[in-house]
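Student: I am attaching a structure below and will ask some questions about it afterwards.
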Amino acid sequence: MSSPPDRSGLERRALLLEYGTIAWNVGEAVLTIALGSVAGSLALIGFGTVSVVEVFASGVVVWHVRAGDEGDHRGRTRVALRLIAAAFALLGLALLVAAGSDILNQRTPGESIWGIVYLAITAAVMFGLAIAKRRTADGLDSDPLRSEATVTLLDGALSITTLLGLALNAYLGWWWADPLAAGLVGFAALNEAREAWAESTE
């Protein structure tokens, strides 16, 4: 039976997972925002913006993990959680305003088959990363990493939600499914912001 990894090994694993997440999300943001701009899809553009926020959240976790237990660990954890919360609050509000505007104006997005395919792949990747991060966070007892693992899980769930919105628009002509999907992304982001902020005050 292999022995469990020591703390330094868990920290290295956490950093590798975060670096992998950052690399994937940078490419994801560029691709989905580009596809969304071409198709006029707020859901795809919103999803790409989520990727930008997750890059920021992963960067915060990298800063937190690399600092280890040196200095004011509790204060640094509180700052990390609040930075993640603030980023998602801004994102959620922006998406809700944009989605509401599209529904009121009845703006019809174009189709994006490539966007649908890419989102299916992204869902699988994000769910796998989220599981690995959660296990590592439990080993390190790291609240910021645990919170960011939830962000990654949310990203996977939002991949599926956005995919459904694009598919309903492409195959059934339900134009409102696209801004509705973006709105759901917004509500989910606000909920994540609330939970991260609540963790920072415990």
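Conditions tested, residue by residue: (1) among the hydroxyl-bearing types (Ser, Thr, Tyr); (2) buried (at least 18 other Cβ atoms within 10 Å of the Cβ); (3) without any contact (Cβ under 8 Å) to a residue 12 or more places away in the chain; (4) in contact with a Phe, Trp or Tyr (Cβ under 7 Å, 6 or more places away or on another chain).
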position	(1), (2), (3), (4)
Arg66	no, no, no, no
Ala86	no, no, no, no
Leu95	no, yes, no, no
Gly100	no, no, no, no
Ile103	no, no, no, yes
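Student: Sticking with this one: Kindly establish whether Leu83 is closer than 23 Å to Gly40 by Cβ and part of a helix (DSSP H, G or I).
Tutor: no
Student: A follow-up question, please. I'd like the residue in region 156-202 that is touching a helix residue (DSSP H, G or I) at 6+ places or on another chain (Cβ under 7 Å) and assigned to a loop (DSSP other than H, G, I, E, B) and, out of all such residues, is surrounded by the most Cβ atoms within 10 Å (Cβ to Cβ).
Tutor: So, considering only residues that are touching a helix residue (DSSP H, G or I) at 6+ places or on another chain (Cβ under 7 Å) and assigned to a loop (DSSP other than H, G, I, E, B), the one surrounded by the most Cβ atoms within 10 Å (Cβ to Cβ) is Trp176.
Student: Here is a list of conditions, (1) surrounded by fewer than 22 Cβ atoms within 10 Å (Cβ to Cβ); (2) closer than 17 Å to Glu199 by Cβ, and Gly59 meets all of them except one; can you say which number that is?
Tutor: Failing condition for Gly59: (2).
One line per residue, one yes/no per condition, for (1) among the hydroxyl-bearing types (Ser, Thr, Tyr); (2) at pLDDT below 90; (3) more than 25 Å from Arg74 (Cα to Cα); (4) surrounded by 22 or more Cβ atoms within 10 Å (Cβ to Cβ):
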{"position": "Ser3", "(1), (2), (3), (4)": "yes, yes, yes, no"}
{"position": "Gly9", "(1), (2), (3), (4)": "no, yes, no, no"}
{"position": "Arg13", "(1), (2), (3), (4)": "no, no, no, no"}
{"position": "Gly27", "(1), (2), (3), (4)": "no, no, yes, no"}
{"position": "Ser41", "(1), (2), (3), (4)": "yes, yes, yes, yes"}
{"position": "Val52", "(1), (2), (3), (4)": "no, yes, yes, no"}
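Student: Can you tell me which residue is nearest to Leu15 (Cα to Cα) among those in region 139-162 that are modelled with pLDDT of 85 or more and aliphatic (A, V, I, L, M)?
Tutor: Going through the qualifying residues, I end up with Leu145.
Residue-wise test of (1) of a type outside the set (A, V, I, L, M); (2) more than 24 Å from Leu104 (Cα to Cα); (3) more than 18 Å from the chain's Cα centre (by Cα).
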site: Trp176; (1), (2), (3): yes, no, yes
site: Ala181; (1), (2), (3): no, no, no
site: Leu190; (1), (2), (3): no, no, no
site: Arg194; (1), (2), (3): yes, yes, no
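Student: Within region 112-138, can you find the residues that are small (Gly, Ala, Ser) and either outside any helix (DSSP H, G or I) or modelled with pLDDT of 90 or more (or both)?
Tutor: Hits for region 112-138 are Ser112, Ala120, Ala123, Ala124, Gly128, Ala130, Ala132, Ala137.
Student: Mind checking which residues of region 125-143 are of a type in the set (Lys, Arg), in contact with a helix residue (DSSP H, G or I) (Cβ under 8 Å, 6 or more places away or on another chain) and surrounded by fewer than 18 Cβ atoms within 10 Å (Cβ to Cβ)?
Tutor: Hit for region 125-143 is Arg134, nothing else.
Student: From the list Gly183, Gly173, Gly156, Gly139, pick out the single residue that is within 18 Å of Val52 (Cβ to Cβ) and not aliphatic (A, V, I, L, M).
Tutor: Answer to the check: Gly156.
Student: Could you list all residues from region 1-56 that are closer than 22 Å to Asp102 by Cα, of a type in the set (Gly, Ala, Ser) and assigned to a helix (DSSP H, G or I)?
Tutor: Within region 1-56, Ala29, Ala34, Gly36, Ser37, Ala39, Ala43, Gly46, Gly48, Ser51 meet the criteria.
The values are calculated or read from the model by the stated rules, or taken from the named source; none is laboratory data. Source: prediction; values computed, not measured. With ideal geometry, Cβ positions are generated from the backbone for all residues, glycine too; neighbour counts draw on all protein chains shown.
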